[in-house]
Structure formats: structure tokens, C-alpha cells
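Laboratory data are not the source of any read-out in this text; all were calculated from the coordinates shown. Since the structure is predicted, the reported quantities are computational estimates derived from the model, not experimental observations.
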């Protein structure tokens, strides 16, 4: 792998890590379990590995942004996640911040090089 690709891969991982939380929170206005969330995100061209998703879900729950509930009615018990009230408020603010950053970045990119 050449230097350009190596740098690009690392920077894309950082960028993706920063956007993953917003993407996950956006899908949890309705209860979802881990695999359904992986599938939902993949359907929307936002793939995430289960090994990345589950630790994020646990962290967001510990931070109070998600609530969870076990469903043991099926043959295999599933833990469903849902945004808490705090999670909804945080998500809405993240969206505002995201849109502001995108707008600012668009302006910077349009005027790159001081033109």
C-alpha cells in the first residue's frame, strides 16, 4: 500500500468513527436489536461491523443516551435498544451541529486555496 492510500485509510477511519454515533442514533427512534440495526444501516449504505456496533451501543447506554430491554419471547433472547429522552435531545443537537459543520466545510472546499 502506498503512502497516499495508507493516509487515506487512517483518515477515513477517523471520519467514520466520528459519524458512526450520529448514524446509529438516527435509527433508534424505534426499538431495534443489534443485528436488525446492522441490517438497517447496511440497507442505507452505512455499513458497520457488529464488533464495532455492540461496544458503541453499550457505551451509549452507559452514557444514558439509550435504553434497553430484553425480549425473551422468541427462541433467542434479544436486547432491544431505543433512544432515551436525553438521547433524543442529544441527537437533535448533533444533527444541528453536523449540518452547521457540513455547511462550513462546503464553504471552505468551494474556496480552497484562498480563492
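Principal-axis analysis of the Cα atoms of the chain puts helix 50-62 at an angle of about 80° to the longest axis. Summed over qualifying helices (DSSP H, 4 residues or more, each -39500 (n - 2.57)) and divided by its residue number, the chain shows a 222 nm mean residue ellipticity of -21500 deg cm²/dmol.
Shown here: mean projected area of the Cα convex hull in nm², derived from the displayed model; of the candidates [x] 6.7; [y] 10.3; [z] 9.8, it corresponds to [z]. Specify the residue with the greatest mean-square fluctuation among 25, 94, 82, computed from a Gaussian network of the chain linking alpha-carbon atoms under 10 Å apart. Result for the chain, Cα springs under 10 Å: 94 fluctuates most. Using a Gaussian network model on the chain with a 10 Å cutoff between Cα atoms, which of 51, 34, 87 fluctuates the most? Maximum fluctuation in the GNM of the chain, among the listed residues, is at 51. Once the Cα atoms are used to define both axes, helix 85-110 deviates from the longest principal axis of the chain by about 20 degrees.
Against the main long axis of the alpha-carbon atoms of the chain, helix 34-43 sits at an angle near 40°.
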